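As structure tokens, the structure follows; a few thoughts come after it.
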Amino acid sequence: MMVCWCGRTAIAVVLAIACCTVWMFDDLVLLERPSITGAQIWISASHLIFYLVLISVLMRLRAAYDREASLARIDALTGLSNGREFHIQAVREHHRAQRTGDPLAVAYIDCDNFKQVNDRFGHCVGDRLLKEVAQTMQESLRADDTAARIGGDEFAILMPATNRDGAETVVNRIRERLADVMDANQWPVTLSIGVAVYESVPMTVDEMIRGADSLMYEVKKNQKDAVVFKLCV
């Protein structure tokens with residue numbers, strides 16, 4: 001049954017059939033009967049049906065488990081990582097950067113004037129905007145980068161082994177593509193972005209994340225529609 005739980009359903013079915021067949025012939029040998037009786041066939045068939053039902057139940061339980069596990073990590077609206085998963089990934093990359101000495105960049109992004117879109121066009125359009133932001137970010141990132149929706153109209157990006165030049169390339173690409181998306185849909189939304197690039201990561205993950213978060217709020221408070229990079233040594 002562990003085979004089924006691990007996702008090998010076809011193998012589990014084959015093993016169930018094999019077990020029932022061996023069981024039937026084992027009874028035949030032990031009882032010293034010259035041929036298989038109808039009762040033995042019925043018993044073996046009953047065992048097989050039981051195993052198949054059990055496999056089906058386990059498949060459904062595993063699917064439900066995987067679904068719940070995914071919901072715990074993924075933002076339901078955008079399909080990006082949620083804040084909890086982002087923190088988990090940040091802890092992992094923080095440890096890796098401490099071990100290897102590689103640089104690491106963290107970006108925080110806020111959608112300026114998002115409330116205007118919700119008020120003017122409705123929440124359905126607001127949700128579509130957030131989905132467009134998420135999709136554009138995903139299409140603009142590299143394989144090792146992690147994008148997350150932290151909450152509301154705030155997003156974050158984790159860029160492992162990335163120096164300032166690399167972070168600028170990624171963030172500016174996202175900014176340019178999202179500007180095109182906003183213009184195409186006539187949405188009055190710009191981006192306030194803070195990017196902290198760590199040549200050497202701080203002692204704690206919270207401090208590392210807070211560095212980018214505070215830069216983003218600095219942009220939002222002072223001017224909006226801008227990006228600030230800070231090299232932290």
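Each value in this text was obtained by applying a stated rule to the coordinates, not by laboratory testing. Nothing here was measured: the structure is a model prediction, and the numbers come from that model. Glycine also receives a Cβ, built like all others from the backbone with ideal geometry; neighbour counts cover every protein chain displayed.
Tabulated data for the structure shown
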item	result
Pairwise label distance in nanometres, Glu199 with Val57, each label 7 Å out on the Cα-Cβ vector	6.2
Ile49-Ala226 pseudo-label distance in nm [points 7 Å out on the Cα-to-Cβ vector]	7.5
Residues Arg149, Arg99 arranged by fewest to most Cβ contacts within 10 Å	Arg99, Arg149
Distance between region 68-141 and region 200-222 - C-alpha centres, whole angstrom	16
Residues Arg142 and Ser214, FRET efficiency given R0 of 30 Å [Cβ-Cβ distance, rounded to 0.05]	0.75
Added length on full extension, which subtracts the Cα-Cα distance from 0.36 nm per residue, Val233 to Arg99	46.6 nm
For q = 0.19, 0.27, 0.28 Å⁻¹, Debye-computed log10 I/I(0) when each Cα of region 112-151 counts as one equal scatterer	-0.61, -0.91, -0.94
Column: log10 I(q)/I(0), Debye, Cα scatterers of region 89-193, q = 0.13, 0.14, 0.18 Å⁻¹	-0.49, -0.56, -0.84
